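One structure below.
The values are calculated or read from the model by the stated rules, or taken from the named source; none is laboratory data. Since the structure is predicted, the reported quantities are computational estimates derived from the model, not experimental observations. As a convention, Cβ positions derive from the backbone with ideal geometry for all residues, glycine included, and neighbour counts pool all protein chains shown. Just so you know, the surface numbers come from the protein's heavy atoms only, side chains and all, with ligands and any DNA or RNA stripped out. Shrake-Rupley method; radii C 1.70, N 1.55, O 1.52, S 1.80 Å.
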Amino acid sequence: HSPTSFTSPPSSPQETLTGKYGEEAKLIYELQDQGGELLALRYDLTVPFARYLAMNKITNMKRYHVAKVYRRDNPATTRGRYREFYQCDFDIAGQFDPMIPDAECLKIVHEILRDLQLGDFLIKVNDRRILMGVFAVCSIPESKFITTCSTVDKLDKMPWEEVRSEMVGEKGLSPEAADRIGQYVRLQGGLDLIERLLQDPELSQNKLAKEGLGDMKLLFEYLALLGITGEISFDLSLARGLDYYTGVIFEAVLLQQENSHVEESLSVGSVAGGGRYDGLVGMFDPKGRKVPCVGVSIGIERIFSILERRLKASGERVRTTETQVLVATPQKHFLPARLKLISELWDAGIKAEMLYKKDPQLLKQLQYCEDTGIPLAAIVGEQELADGVVKLRDVATRVEVRI
């Protein structure tokens, strides 16, 4: 997908971050007065990207960015939830025809989750405009859209009864309104559901919902052509808490694996999320010029915690180095020979290492190869130097050749 990458500092003026995240703002890591400035650590990579586009007057860009973000959350390290963690973002900024870049973002998520072999996953897709339309049709006042959104978003974690009582009890909606919302937000499906909602007498009268459903239909047609609809579900309960989304939103979740009797073991929840945020760049542009954007964020740390757990269970060893050969010597006083040889290998682009000891024992050196999974050892001793050769040993089979 050939994007470019760039970096930005992890701290920003506090006002850059505030007002962009809605109810989640309480998780922003604020750094009190730093020499007269109120700063905060970045909460994600999307807001800094939008600011970068606005500051540099860029109207068209495709990029990926892997970096740390910070959230003042309650950590649950067993589930891959940290206060400081890496995200990997892909974003496409620019004025394009509807849903083409959006479809590519979903394809990227699908490709990553498939290639990492994390087991079965589901990418849920919705559109902020469809939600707004649903709320309007259910006569929810606009002032309550955002808070209702964050309640609806909990449907994947708690049953409808609890969500309903939060709507009525805490968010002050009428029981009738809550029940009407319930009829919509519990729906999930594919093109068939989109067609059905387009025929819905009330929703089809709502301008926002109609736009959203039209785009959703287009999106699902493109996703079918990209061959990924099997793992994608149009899910009306998906709301994503953030304020800055304007259109399509998505979230990828891993489905419970076979060993589901260990409840805790794999409940990592969402591993990727994203959507369209057409208004964000305009917030940073002094003239309010907008740049449409769509992007997706992969939760690297969460994915790692799953992979690590899986490796532990299978007892597999992971090579933590790419070293191809260890330069070794069987006798004392052969550090110069090792340094000369390793330098030649490095210059030739071969990944090589040696032990940082003047006179290591040969056994120790070979043991190191076994421990770290280095496949070859290049051995130089007196005899080899005299003959002008290097003895190359295959660590696993112990077969040696002179070169």
Among the residues in segment 371-393, are any touching a Gly at 6+ places or on another chain (Cβ under 9 Å), outside the structural domain of ARG81 (by the TED database) and either farther than 30 Å from ILE112 by Cα or open to solvent by 90 Å² or more (accessible area, probe 1.4 Å) (or both)?
yes
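Residue-wise test of (1) open to solvent by less than 40 Å² (accessible area, probe 1.4 Å); (2) among the basic types (Lys, Arg).
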{"residue": "PRO286", "(1), (2)": "no, no"}
{"residue": "GLY295", "(1), (2)": "yes, no"}
{"residue": "ARG310", "(1), (2)": "no, yes"}
{"residue": "VAL325", "(1), (2)": "yes, no"}
{"residue": "GLN331", "(1), (2)": "no, no"}
{"residue": "ARG338", "(1), (2)": "yes, yes"}
Inside segment 302-341, the number of residues satisfying the requirement of being touching a strand residue (DSSP E or B) at 6+ places or on another chain (Cβ under 6 Å) and outside any loop (DSSP other than H, G, I, E, B) is 8
Note on segment 205-248: residues touching an Asp or Glu at 6+ places or on another chain (Cβ under 8 Å) and β-branched (Val, Ile, Thr) are THR246, VAL248
Checked segment 190-201 for anything surrounded by 15 or more Cβ atoms within 10 Å (Cβ to Cβ) and not in a helix (DSSP H, G or I); matches are GLY190, ASP200
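Within segment 342-354, which residues are open to solvent by 90 Å² or more (accessible area, probe 1.4 Å) and assigned to a loop (DSSP other than H, G, I, E, B)? Spell out the reasoning first.
Here is the first cut: in segment 342-354, the ones open to solvent by 90 Å² or more (accessible area, probe 1.4 Å) are 344, 346-347, 351.
Result: LYS351, single match.
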Review point. Does any residue of segment 335-349 turn out to be modelled with pLDDT of 95 or more and either within 29 Å of CYS88 (Cα to Cα) or in the same structural domain as VAL66 (by the TED database) (or both)?
Key: yes
The correct count of residues that are modelled with pLDDT of 65 or more and part of a loop (DSSP other than H, G, I, E, B) in segment 2-26 is 5
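Yes/no per residue for (1) open to solvent by 20 Å² or more (accessible area, probe 1.4 Å); (2) among the β-branched types (Val, Ile, Thr):
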site	(1), (2)
VAL152	no, yes
LYS157	yes, no
GLU162	yes, no
VAL168	yes, yes
GLY172	yes, no
ILE181	no, yes
Test: residue in segment 125-140 that is surrounded by fewer than 18 Cβ atoms within 10 Å (Cβ to Cβ) and either at pLDDT below 95 or under 20 Å from TYR244 (Cβ atoms) (or both): yes
Within segment 55-73, residues being buried (at least 21 other Cβ atoms within 10 Å of the Cβ) and closer than 15 Å to LYS290 by Cβ number 0
Checked segment 371-381 for anything at pLDDT 95 or above and not small (Gly, Ala, Ser); matches are ILE374, PRO375, LEU376, ILE379, VAL380
Scanning segment 361-388 for residues that are without any contact (Cβ under 8 Å) to a residue 24 or more places away in the chain and over 49 Å from the mean Cα position of the chain (by Cα) gives GLN383, GLU384, ALA386, ASP387, GLY388
